[in-house]
Amino acid sequence: MPISISRLRRWFAAALIFVCAVVGGVYFYAHKRVQNALKQVPEKIGLQIQQSAQGFTISKSEQGRTLFRVQASKAIQFKTGGKAELHDVAITLYGSDSSRFDQIYGKDFEYDPKSGNITSKSEVQIDLQSNSDGALNTDQAPPKELKNPIHLRTTNLIFNKNTGDASTPDELDFSVPQASGSAVGASYVARAGVLTLQSEVKITTSGPSQSRIFARQAVLEKNPRQIVLHAARAESPERSGQADELTLLLRADNTLDRALATGHLQIQSSGNASVAKGGARPEPSPMLVTAQNGEVIMNRENLVRAAVLTGDVHLKSHGAQPREAWAGRTRMEFAGRNVITKVHADEQVRILQTHNSAQPPDARGPASLQQSAQNLEVTAPAMDFFVTGGKRLARAETIGPPQVTLVPTDSNSGQTRITADKFTAAFDAAGQLSRVDGRDHAKVVSASPPQNGTMQPDRISTSNSIDAIFQPGSGVKSLTQQGNFAYSSGAQQAFASSAQYTPADQMIVLAGSPRIVDSGMETTGLSVRLNRATGEGFAQGNVKTTYNDLRPQPGGALLASSDPIHVTSRSMIANSNSASATYKGKARLWQNANVIEAPTINFDKNQRSLTANADATQKVSTILIATDNSGKTTPLSVTAAHLVYRDSERKAHYEGGVTVRSADLTITANQMDVFLVPENSAGSGQDAGRSNIAAGAGGAPVAPQANAPAKLEKIIAAGAVLITQPNRHATGDQLTYTASDDKFVLTGGPPCIFDAEHGKITGVSLTLFRHDDRVVVEGDSRSPAVTQTRMER
């Protein structure tokens, strides 16, 4: 869990070290020296004398080295057995190895031999100072340079020479170059080696970022060497912290070894900071960290080595992108001068990053990203976080089976769960999640919203790996899955080498042998897209679709077989139910030998129906076979601007410049209906159901197998009908052609026929027989038949 060292360092390392150094040093060391010195003052100055002693010095030495020196300007013994007064006292303590130069001084002291109490009657000052050069000299000269002495000030100090105990009910002040502090009331129990600061413990650190530390009570123990702060609390302009109890564990030299916080540990940052010059980013947003316990481990150089939080660890960050994190235990590693480098969180880690809907729209990006905004949750048994520069979170790695959950802010959309064997996350300069890479056994499961109250199947995709790119303020921008990609949503499936998903448009783009399979429909192309929300499919480049699992349609004709139907084109759009699709760009649809070609074909598998449309470069085209009663077959090519076909009706409706061609015949009309014989009438047994289309224009002919082709029943044409044969042509408004007798009936116009040999014939109705010269002409009283014959001169 990412916690800045700048906060821990000030609250634990600096502040608590000062408590240790100041309070521990003063009372464990200074009071011991005061006890030893003052015990010997009465004997050295002779308390039995009845007169004043002016200007004297008392010292004690061992093995040629002075342990301490007491200097006073005056000492007064009031009476035998009575109290003694000492004035203007200065005590210097050098230590057994002359490594110290501690000074205790005050104006007035009183000694009561009956109680054994030595009491300061005025303010007492204490300066604690080490002297690294003292061991080199024998004269106990002052250090050449006084470095950072610890200064203590109090009043009414009582020391008992019999028990060694000391106490004061008054306020105690202390200061060092980095901090100053105070407490009200203090007591020292010599036998137990315990010093207690009774109440109102306060410490204030100095420097550019001033902090204050408070405690209800502080207890300093000699064995074990520790300082215990009860109801500890730390404050600074930007952060604060508190715990029920804070224990400082000390080494033999009174330096801090560990700091333990127990009970309701709380660290809070206000996040108040301004943007620095040059566009630097501000400090993090307001943040709160809570745990049951905390521990800071120091090294010998008095720097933080590690920090551990345990027991319901919880981090909560507010601001533009609110975040929360939970763990059972968190350990922070440090290097250099208290620079955090790594955070290890375990015991079921959970991270939640929520979308702030209250943010102004222009601060959250385009509308499409706002609509696709999600709340993000990451869970794992354990996670490692790596920190750059001691402040900025750079990356994170999961340990154990992880899961990323995306919860859209739109309540109508279902949540998405992403899993893999391992996730690696990267963070941007603002500390926000920018990328997550998942490796091995990647899986994405998205819940589909109910439709009309009916639950829908989950949308599931799998791959070897997954990469998620995040948009600050909104959530996932894109998901890219690599290696053996597979997708399923109910009957719909998709396969490819890789795929990219964008929540903004709900689109999956497949690459590398992409393929969509849905309810017996299989589509391939150079690029395939799938709308995950609607189920629509899109394909581009060398598109090919095969419709399998077809049942025979006994009442149909052109597409009645159970054999696969194939479609090729440059592009395809398939509807959500995959029963219908639109193919564009040199589209070609065929079943066995039945072929339809057009710039655009709309096909409905369930209805076995289609519509086809031409453009400026290509017309709709089909090839039909007409079979007469004698069994003779005649291929017919049909082209038009528009075609509508429904297999259940066995009717192909053509419009717009319709042209029918065979080897010796051309028919043109504005529109035309082609009727086919029902499929079950075309044959029997296993051969039933085969169709009668030979091949498509521009495509290689597909020879029919041993099957019974469906027969062309008739053609009905209307509008500017023109029949052209090598030796004659006929016109009319309507035409009916029957394949069984190879007969054309023209009406309207009135119809007429022109024969190069016999001339022009008109009537109400003209009947032409294709393979002979017979013409049947019918007329009535209002429009009699007329024959115009050319006479040779």
Within the group Ala90, Ala135, which residue is over 22 Å from Leu197 (Cβ atoms) and at pLDDT below 65? Ala135
I need a count of the residues in the range 645-669 that are farther than 22 Å from Leu722 by Cα and surrounded by 18 or more Cβ atoms within 10 Å (Cβ to Cβ). 4
So which residues in the range 192-225 are modelled with pLDDT of 80 or more and open to solvent by less than 30 Å² (accessible area, probe 1.4 Å)? Thr196, Leu197, Val201, Ile203, Ile213, Ala215, Ala218, Val219
Picked from the range 402-425 (must be surrounded by fewer than 16 Cβ atoms within 10 Å (Cβ to Cβ) and in contact with a strand residue (DSSP E or B) (Cβ under 7 Å, 6 or more places away or on another chain)), the residue farthest from Ser446 (Cα to Cα) is Asp421
On the given criteria, is Thr480 open to solvent by less than 10 Å² (accessible area, probe 1.4 Å), in contact with a strand residue (DSSP E or B) (Cβ under 6 Å, 6 or more places away or on another chain), part of a strand (DSSP E or B) and at pLDDT 85 or above? no
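Which of the following residues is among the charged types (D, E, K, R) and at pLDDT below 70: Asp108, Asp97, Asp127?
After ruling out the rest, the residue left standing is Asp97.
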Considering only the range 580-609, how many residues are surrounded by fewer than 19 Cβ atoms within 10 Å (Cβ to Cβ), touching an Asp or Glu at 6+ places or on another chain (Cβ under 9 Å) and at positive phi? 1
More than 16 Å from Trp590 (Cβ to Cβ), buried (at least 19 other Cβ atoms within 10 Å of the Cβ) and either in contact with a Gly (Cβ under 7 Å, 6 or more places away or on another chain) or not hydrophobic (A, V, I, L, M, F, W, C) (or both): which single residue out of Thr545, Thr502, Thr534 fits that description? Thr502
Every residue in the range 747-767 that is farther than 17 Å from Ala718 by Cα and in a strand (DSSP E or B), please. Phe754, Asp755, Gly759, Lys760, Ile761, Thr762
Across the range 629-644, which residue is nearest to the chain's Cα centre (by Cα) among those that are open to solvent by less than 30 Å² (accessible area, probe 1.4 Å) and at pLDDT below 85? Leu636
Flag for Arg305 being modelled with pLDDT under 90, among the basic types (Lys, Arg), touching an Asp or Glu at 6+ places or on another chain (Cβ under 9 Å) and more than 28 Å from Gln471 (Cβ to Cβ): yes
Screening Asp563, Asp604 for residues that are touching a residue at least 12 places away in the same chain (Cβ under 8 Å), over 24 Å from Glu536 (Cα atoms) and within 55 Å of the chain's Cα centre (by Cα) leaves only Asp563
Top-ranked residue of the range 254-298 - restricted to ones that are of a type in the set (Ser, Thr, Tyr) and over 26 Å from the mean Cα position of the chain (by Cα), ranked as modelled with the lowest pLDDT: Ser274
Quick test for you: out of Leu260, Leu249, Leu229, pick the one residue that is open to solvent by less than 10 Å² (accessible area, probe 1.4 Å) and either touching a Pro at 6+ places or on another chain (Cβ under 9 Å) or not small (Gly, Ala, Ser) (or both). Leu229
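The values are calculated or read from the model by the stated rules, or taken from the named source; none is laboratory data. Given the structure is predicted, the values throughout are model-derived calculations rather than measurements. As a convention, Cβ positions derive from the backbone with ideal geometry for all residues, glycine included, and neighbour counts pool all protein chains shown. Note: accessible area is taken over every heavy atom of the protein model, side chains too, but ligands, DNA and RNA are not part of it. Shrake-Rupley method; radii C 1.70, N 1.55, O 1.52, S 1.80 Å.
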